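Everything on this sheet refers to the single structure shown next.
Every number in this text was worked out from the coordinates using simple rules, so none of it is lab data. What you see is a predicted model, and the numbers here were worked out from it, not measured in a lab. Every residue, glycine among them, receives a Cβ derived from its backbone with ideal geometry; neighbour counts consider all protein chains shown.
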Amino acid sequence: MTDTTRAESPRYDADETAGADALKVAFRHHPAGVSLIAARTPEGPVGLTASSVASVGIDPATISFSVTRATGSAGGILNADSYVVHLLDERHAAIAATFAVSGTERFTPEQGWRKLVTGEPYLPDTRVALRCRTLHSLGVGSSVIVVAEVLGAVFGAAAGPMVHVDRTFRGVGPEISN
């Protein structure tokens, strides 16, 4: 008689690695779009660079992203009533790098920040800024996954797309034909 209650795991000839280091290596060469998430808090504006922003659905209009709980900016965004997710392009490599490092000078006049009529910090020269509010959040280890409703969008001029890959910000090359 054959035991059918337990399926065997598939076996492969390749060596398998696991854990945080394996995940870092796996995603190091997987390009991701670059966004800057900014919010207004009682202490002032907060913001961070994120490469985890993704579209979830259109009814309701929702996106998702993840942040590390340990950072002050992430805590401010998680506690804000609303925030702005800026989808960056290749013109924004410098500001993306600035907001990717804790303790750097942020929200300076030279960076071109304004405020939306609702009070959130806003970069008018981005191709799109999505004003959002959190619908759901889920703690996973030291990170929080957020599902956010898109309340509105402000569109600006666009340049070439920018991705984060191999610990650098890069433009995207020409289209690849099938």
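Observations on the structure shown:
- Helical content of the chain, expressed as a calculated mean residue ellipticity at 222 nm, amounts to -4000 deg cm²/dmol (DSSP H runs of 4 or more residues, -39,500 (n - 2.57) each, divided by residue number, nearest 500).
- Amide H contacts for residue 69 (H built 1.01 Å from N in the peptide plane; partners 5 or more residues away or on another chain; cut-off under 5 Å): 143, 144.
- Exposed trypsin sites (Lys or Arg not before Pro) absent - longest run of the chain, DSSP non-H/G/I/E/B, at most 12 other C-beta within 10 Å: 12-166
- Of the GluC sites (Glu not before Pro) in region 82-178, the ones in a loop by DSSP (not H, G, I, E or B) with at most 12 other beta carbons within 10 Å are 105, 175.
- J(HN,Hα) series, region 105-121, from Karplus relation 6.51 cos²θ - 1.76 cosθ + 1.60, nearest Hz, glycine and proline x: 6, 10, 6, 8, x, 5, 6, x, 5, 10, 10, 5, 4, 8, x, 6, x
- A cut-off of 5 Å between modelled amide H atoms, ignoring neighbours fewer than 5 places along the same chain, links residue 162 with 34, 90.
- Nearest 10 degrees, 0 to 90: helix 19-28 Cα axis against the chain principal axis: 60
- Charged-residue dipole, Cβ positions (Lys, Arg, Asp, Glu), region 19-156 about Cα centre, Debye nearest 20: 60
- Region 19-156 - percent relative contact order, Cα under 8 Å, separation 6 or more: 26
- Net length gained if the chain between residue 110 and residue 29 were fully extended (0.36 nm per residue, minus Cα distance): 25.9 nm
- Over every Cα atom in the chain, the radius of gyration and the widest Cα-Cα span, Dmax, amount to 19.1, 75 Å.
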